Amino acid sequence: MEHTPDLIDATATILSRLDQVSEAQFADLTPCEGWTVSELIGHLTAGNLMAIALINGATTDEAKVIIGAPIEGDLLEACRTTLNEQVAALEGPIAADAIVHHPMGDIPVSQLLEFRIGDLVLHSWDLARALSIDETLPEALVERVYASLKPMESFIGQIGVFGEGPSGDVDESAPLQAKLLDLTGRRP
């Protein structure tokens, strides 16, 4: 599949945050309920590994095992490596409409790409918040992820991965990043 600049930008965004993490911050809490910095990085790494495996033909059960497996070795290096491997896998010879066997069901690679971009963008903000660094996300990525998730607004809080969903407290004139964060259950 032809690569998308947005995946590369989302990867660069999370990598810039990872470059600011020290092991001393691994136990710090993130805005993701109950997750520490190390657990968030582990989640990202497992998601990258799962996407790579799915592109390479993994079954739903194999994907579930990957998500549940602990990350061995240097967590930061594993995340960096798998982020780059994920980009390479999605740049490979796979059609956007090819079907992969994601744990939530069979989906086209184009949907997997949307999931991965969304995960990287939202968790870039989570990591920045946990580290008390600049939380600004690239505008084009915010627009893409918001457009992808906005149609789920009425039920997004029931999915189980976006907290309570939108609060209803964010004004329509608010910056799009604020609307995206609120839509996905984040309360800056």
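Say whether the condition of being among the acidic types (Asp, Glu) and farther than 29 Å from Leu76 by Cα is met by at least one residue in the stretch 113-135.
no
So that you can scan it fast, the table gives a plain yes or no per residue for (1) out of contact with any helix residue (DSSP H, G or I) (no Cβ under 6 Å at 6 or more places or on another chain); (2) aromatic (Phe, Trp, Tyr); (3) farther than 21 Å from Thr11 by Cβ:
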| residue | (1), (2), (3) |
| --- | --- |
| Ala63 | no, no, no |
| Asp74 | yes, no, no |
| Gln86 | no, no, no |
| Gly92 | yes, no, no |
| Ile99 | yes, no, yes |
| Met104 | yes, no, yes |
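Considering each of Gly118, Gly163 in turn, give the residue that is small (Gly, Ala, Ser) and modelled with pLDDT under 95.
Being small (Gly, Ala, Ser) and modelled with pLDDT under 95 holds for just one of Gly118, Gly163, which is Gly163.
Enumerate the helices (runs of 4 or more DSSP H) found wholly within the stretch 1-79, keeping only those where 1 or more residues are of a type in the set (Lys, Arg) and farther than 27 Å from Ile99 by Cβ.
Fully inside the stretch 1-79 and qualifying: 5-18.
Among the candidates Ile67, Ile55, single out the residue that is crowded, with 16+ Cβ neighbours inside 10 Å and on the phi < 0 side of the Ramachandran plot.
Sole residue among the options that is crowded, with 16+ Cβ neighbours inside 10 Å and on the phi < 0 side of the Ramachandran plot: Ile55.
For the stretch 141-158, name all the residues that are touching a residue at least 12 places away in the same chain (Cβ under 8 Å) and either more than 14 Å from Lys179 (Cα to Cα) or outside any helix (DSSP H, G or I) (or both).
Matches in the stretch 141-158: Glu153, Gly157.
Residue-by-condition table, conditions (1) at pLDDT below 95; (2) within 25 Å of Thr184 (Cα to Cα); (3) not charged (D, E, K, R):
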| residue | (1), (2), (3) |
| --- | --- |
| Ile14 | no, yes, yes |
| Leu18 | no, yes, yes |
| Ala24 | no, no, yes |
| Cys32 | yes, yes, yes |
| Thr36 | no, yes, yes |
| Glu39 | no, yes, no |
| Leu44 | no, yes, yes |
| Ile71 | yes, no, yes |
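If a residue must be under 15 Å from the mean Cα position of the chain (by Cα) and without any contact (Cβ under 8 Å) to a residue 60 or more places away in the chain, how many such residues does the stretch 17-34 contain?
0
Within the stretch 103-120, does at least one residue satisfy the condition of being of a type in the set (Phe, Trp, Tyr) and touching a Lys or Arg at 6+ places or on another chain (Cβ under 7 Å)?
Within the stretch 103-120, not a single residue is of a type in the set (Phe, Trp, Tyr) and touching a Lys or Arg at 6+ places or on another chain (Cβ under 7 Å).
Taking the residues in the stretch 16-31 that are of a type outside the set (A, V, I, L, M) and either in contact with a strand residue (DSSP E or B) (Cβ under 6 Å, 6 or more places away or on another chain) or under 19 Å from Thr136 (Cβ atoms) (or both) as candidates, determine which candidate is surrounded by the fewest Cβ atoms within 10 Å (Cβ to Cβ).
Result: Asp19.
Looking at (1) surrounded by fewer than 16 Cβ atoms within 10 Å (Cβ to Cβ); (2) of a type outside the set (D, E, K, R); (3) without any contact (Cβ under 8 Å) to a residue 60 or more places away in the chain; (4) within 21 Å of Ile52 (Cβ to Cβ), find the lone condition where Pro175 falls short.
(4)
Inside the stretch 114-137, can you point out the residues that are assigned to a helix (DSSP H, G or I) and surrounded by fewer than 19 Cβ atoms within 10 Å (Cβ to Cβ)?
Phe115, Arg129, Leu131
The values are calculated or read from the model by the stated rules, or taken from the named source; none is laboratory data. It should be emphasised that the depicted structure is a prediction, and the values quoted were computed from it without experimental measurement. Here the Cβ is made from the backbone with ideal geometry for all residues, glycine too, and neighbour counts use every protein chain on show.
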